[in-house]
Amino acid sequence: MSEQHQNLAVIGHVDHGKSTLVGRLLYETGSVPEHVIEQHREEAEEKGKGGFEFAYVMDNLAEERERGVTIDIAHQEFSTDEYEFTIVDCPGHRDFVKNMITGASQADNAVLVVAADDGVAPQTQEHVFLARTLGIDELIVGVNKMDIVDYKESTYDDVVEEVTQLLKQVQFNTEDASFIPISAFEGDNIAEASDETPWYDGETLLEALNSLPAPEPPTDAPLRLPIQDVYTISGIGTVPVGRIETGVMNIGDNVSFQPSDVGGEVKTIEMHHEEVPKAEPGDNVGFNVRGIGKDDIRRGDVCGPADDPPSVAETFQAQVVVMQHPSVITAGYTPVFHAHTSQVACTIESIDKKMDPASGEVAEENPDFIQSGDAAVVTIRPQKPLSIEPSSEIPELGSFAIRDMGQTIAAGKVLEVNE
Ligand code: GDP
């Protein structure tokens, strides 16, 4: 078993088989949660039956869903020979985009499930577009429910062609996508090559998951540590806490907090209640900086090296995708932007270009408005200082969600920051 970790999104149209596939992956990799195994043992003993069936996994997932438990398919974990996978929320789940941007669960790669009997459907398109905008590297396309279409090669080829067209339209590099004919329900081409598809000699789904590229630890990028909270701890003093997104923090480093614009030397770093000399991406740390008081810094500040401080945007240009907005968005609209640990009201100063989601090309210069389903390049002015980075330089700090009326209405990534 490997220690290498991958956050995996499972995306696709409703009813195309995402939950079933996750259940199948848990089952085939022996990663079914202990409580499910326990439950099955008891049931099997009562009924005098043996064997651990896939049906039990599915029953359990279905039951959790019926009870309205949010566990659903998100946050399930399974291990292959190469990686430990965590399934992150999938689009459509209530807070997917917000979690993906502000939470710990940025997906590295994704499995797109497309039912062979239905082909590309509206959410297939939407999710692929979102996946590309949010920086998914590689896509494994599972053409699912092959059992329903009698494992016909021609049906599979048609769906592959249709999905390939879609990927090209959203400018997803089709070389970074692999296609597999599967049945999540029957288990074809998941862990073992299926006898039902003699015409297919490619990878199984587990092989494809194993051959995903390892996510690169962002240790080479400059330090970026968004502050979650600031505490006062007796004997130590002011202790900001947060998760390191990129770079490394060492005792003795000279750091700067932006946009509060203060800084000093790192005196101590603590992780899991122990002092450590340095901390890396993914580490949750509390630390103390010489000369910094509790009122000098706040949640939403980003800590970085004094000689390469986090940028503070006067305005920034971003690509946004409008997911759900009851009416239209025009220049002057001022919703709340969620980026890393900060929440700042920002005005959409101008809508510069509307993109055609079908071709990915500019559809209209300076449109009057955009609405649900649109992708656009916009210029944004934060109403209070906001530290944010171009996504091409520091992807971890270059994306945001736009929330209004208690919902995530749009997501985006930063193209350019004007300081
Ligand atoms: P989701 O909405 O994408 O999570 O889809 P589900 O996993 O809930 O599946 C929707 C329906 O399709 C359920 O009734 C599943 O049993 C069924 N299903 C999923 N995968 C397969 C498959 O490979 N073959 C067949 N025949 N049915 C499937």
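Each reported figure results from applying straightforward, stated rules to the coordinates on display, with no laboratory input. Keep in mind that what you see is a predicted model, and the values were worked out from it rather than measured. Cβ: placed from backbone, ideal geometry, glycine included. Neighbour counts: every protein chain shown.
Compared with the rule-of-thumb size 2.2 N^0.38 Å for a compact globular protein, the chain has a Cα radius of gyration ratio of 1.07. Given the stretch 206-299 reduced to its alpha-carbon atoms as identical point scatterers, what log10 I(q)/I(0) does the Debye formula return at q = 0.17 Å⁻¹? Summing over Cα pairs of the stretch 206-299 leads to -0.69. Relative contact order of the stretch 119-186: 49 percent, from C-alpha pairs under 8 Å at least 6 residues apart in sequence. For the chain, the tally of Lys pairs with Cα-Cα distances below 21 Å comes to 13, considering only residues 8 or more apart or on different chains. Dividing the convex hull volume of the alpha carbon atoms of the stretch 300-419 by its residue count gives 97 Å³ per residue.
Could you state the angle between the C-alpha long axis of helix 34-47 and the longest principal axis of the C-alpha atoms of the chain, as a value from 0 to 90 degrees rounded to the nearest 10? Roughly 30 degrees between the two axes.
Peptides 327-336, 393-402 ordered by packing proxy, namely the average of other Cβ atoms within 10 Å per residue, highest first: 393-402, 327-336.
Summing Lys and Arg as +1 and Asp and Glu as -1 over all other residues whose Cβ lies under 10 Å from the Cβ of residue 355 gives a net charge of -2.
For the Cα atoms of the chain, what angle does the longest principal axis make with the long axis of helix 122-133, in degrees from 0 to 90, nearest 10? Between helix and principal axis, roughly 40 degrees. Most simply put, the chain has about 75% antiparallel DSSP beta bridges, counting only bridges with both residues inside it.
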